[in-house]
Amino acid sequence: MYSKNGNLLPVPSQFTSCFPRDVCLDGELWTGYRDLSKLNSIIRRTRNIQDSPEVLNLWKDVKYCIFDAPMHPGYYLERHNFLSNTIVSGANLCVIPIVYCEGVPHLLSLLNEITRKQGEGIMLYHPAAKYTSGRTSNILKLKDSSEEDVRYIK
């Protein structure tokens with residue numbers, strides 16, 4: 001498993017044993033809302049002892065939440081449908097469901113719900129987008145930020 005920057009992550013082989021073979025997955029490791037420091041600690045503590053009982057115990061609460069299958073041909077909705085039909089959700093693997101936006105009030109309501117739980121934001125995918133590596137206007141991240149979070153530069 002690799003980070004978005006291409007760094008090899010020290011993931012126990014038992015953690016990935018239920019992952020489908022020969023399918024490229026794009027997702028994120030997750031331990032829950034407000035838990036990024038816990039996840040970073042687990043990864044740091046795993047560096048040199050990947051398959052020890054201690055490490056396996058650390059990873060028991062980690063999930064790999066998948067949102068795309070980059071190498072599968074087709075548009076985003078086709079790739080997501082492929083994931084939904086291929087991935088068997090379990091203790092450490094899940095496909096993030098698609099929520100169709102019903103308009104700006106619905107979008108803001110969802111964003112409010114996520115940020116209330118201290119989530120980071122919402123990923124907005126263009127449904128007819130082909131996969132593009134790197135930054136693209138077909139994927140946008142919507143975050144809630146109040147004025148005190150923003151620094152204005154003149």
message: Being out of contact with any Asp or Glu (no Cβ under 7 Å at 6 or more places or on another chain) and loosely packed, with under 15 Cβ neighbours inside 10 Å is the requirement here; does residue 108 meet it?
response: yes
Residues satisfying the stated conditions in the stretch 30-51, i.e. under 19 Å from residue 17 (Cβ atoms) and modelled with pLDDT under 85: 46, 49, 50, 51
query: Of the residues that make up the stretch 123-130, is at least one within 16 Å of the chain's Cα centre (by Cα), small (Gly, Ala, Ser) and either closer than 24 Å to residue 1 by Cβ or part of a loop (DSSP other than H, G, I, E, B) (or both)?
result: no
- line: Note: among 25, 58, just one is farther than 18 Å from residue 120 by Cβ, more than 18 Å from the chain's Cα centre (by Cα) and surrounded by 12 or more Cβ atoms within 10 Å (Cβ to Cβ), namely 58
- prompt: List the pairs whose first member sits in the stretch 61-88 and is crowded, with 20+ Cβ neighbours inside 10 Å, whose second member is of a type in the set (Lys, Arg), and whose Cβ atoms are under 6 Å apart, counting only residues at least 6 apart or on separate chains?
  reply: 68/79; 69/79
field: Close pairs (7 angstrom Cβ cut-off, 6 or more residues apart or separate chains): hydroxyl-bearing (Ser, Thr, Tyr) in the stretch 111-140, modelled with pLDDT of 90 or more and assigned to a loop (DSSP other than H, G, I, E, B) anywhere
entry: 131/70
task: Name every residue in the stretch 77-115 that is of a type in the set (A, V, I, L, M) and in a strand (DSSP E or B), in order of residue number.
output: 93, 95
task: Quick one: which residue in 39, 58 is in a helix (DSSP H, G or I) and in contact with a helix residue (DSSP H, G or I) (Cβ under 8 Å, 6 or more places away or on another chain)?
output: 58
- prompt: Which one of the conditions (1) surrounded by 12 or more Cβ atoms within 10 Å (Cβ to Cβ); (2) modelled with pLDDT under 90; (3) outside any loop (DSSP other than H, G, I, E, B) does residue 144 fail to meet, given that it meets all the rest?
  reply: (3)
Among (1) small (Gly, Ala, Ser); (2) assigned to a loop (DSSP other than H, G, I, E, B); (3) modelled with pLDDT under 90, the one test that residue 74 misses: (3)
task: Identify all residues within the stretch 28-48 that are on the phi < 0 side of the Ramachandran plot and either hydroxyl-bearing (Ser, Thr, Tyr) or exposed (fewer than 13 other Cβ atoms within 10 Å of the Cβ) (or both); write none if there are none.
output: 31, 33, 37, 40, 41, 44, 46, 47, 48
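The values are calculated or read from the model by the stated rules, or taken from the named source; none is laboratory data. Everything numeric here is computed off the predicted structure, so don't read it as measured data. All Cβ positions, even for glycine, are placed from backbone atoms using ideal geometry, and neighbour counts span all protein chains on display.
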